[in-house]
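Single-structure report; data block below.
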Amino acid sequence: IVGLGNPGDEHEDDRHNAGFWFVDALAKQLGARFETEKRFHGKVAKGKWEGEDLYLLKPSTYMNLSGQAVGALCRFHKISAAEILVVQDELDLKPGTARIKLGGGTGGHNGLKDIHTHLGTPEYWRLRLGIGHPRDLAPEGARVMDVADFVLRRPLQLEQKQIDASIENGLQILPLFLRGDTQAAMLELHSKTN
């Protein structure tokens, strides 16, 4: 399970780091600790899920180079693309909304573009955590913030609560997903948020 984000204390609270927030919460649940792994270009936590190894990854590269870390970990541990869940921030979903899907386009997300390049396929799972789009969140008549600035800023307090709720919803359906009941996981997650 790969959480996408940008490294460094200055980015810790950015909307773009929603993927990091998810894997941090999961590591806490599993009692796993992240350790820096230079060969995987990131921080890795290893946990157990029903007797199976479960790797959590936070790339130490910046977002647009996330594929380096994902590719290195997957090659080393012989993990196929279909066994990967990438957790990402999603501009096209409102805060509080979460969606899960297999494959598809990148929607302009540079982290996903690089992962596609390094894996050679878009056929991996994504957990998309809504952060909203600046055009939808701007007050009527206000200037719309640039997308790059928006994702690199802290969410408003209400938005943070909504994003936290979507992370919790994602964690709740994870057992179904990891057991391979992806349809049930999708149905449950998608019914929790609209």
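The values are calculated or read from the model by the stated rules, or taken from the named source; none is laboratory data. For clarity, every value in this text was computed on a predicted model and none was experimentally measured. Cβ placement follows ideal geometry from the backbone for every residue including glycine, while neighbour counts extend to all protein chains displayed. Areas reflect the complete protein model, heavy atoms only, side chains present, ligands, DNA and RNA absent. Shrake-Rupley method; radii C 1.70, N 1.55, O 1.52, S 1.80 Å.
SER66 satisfies every condition listed in (1) open to solvent by 50 Å² or more (accessible area, probe 1.4 Å); (2) within 13 Å of the chain's Cα centre (by Cα); (3) among the polar types (S, T, N, Q) except (1). Only one of the numbered conditions (1) in contact (Cβ under 8 Å) with a residue 40 or more places away in the chain; (2) more than 30 Å from ASP146 (Cβ to Cβ); (3) open to solvent by 20 Å² or more (accessible area, probe 1.4 Å); (4) not in a strand (DSSP E or B) is not met by LEU26, and that is (3).
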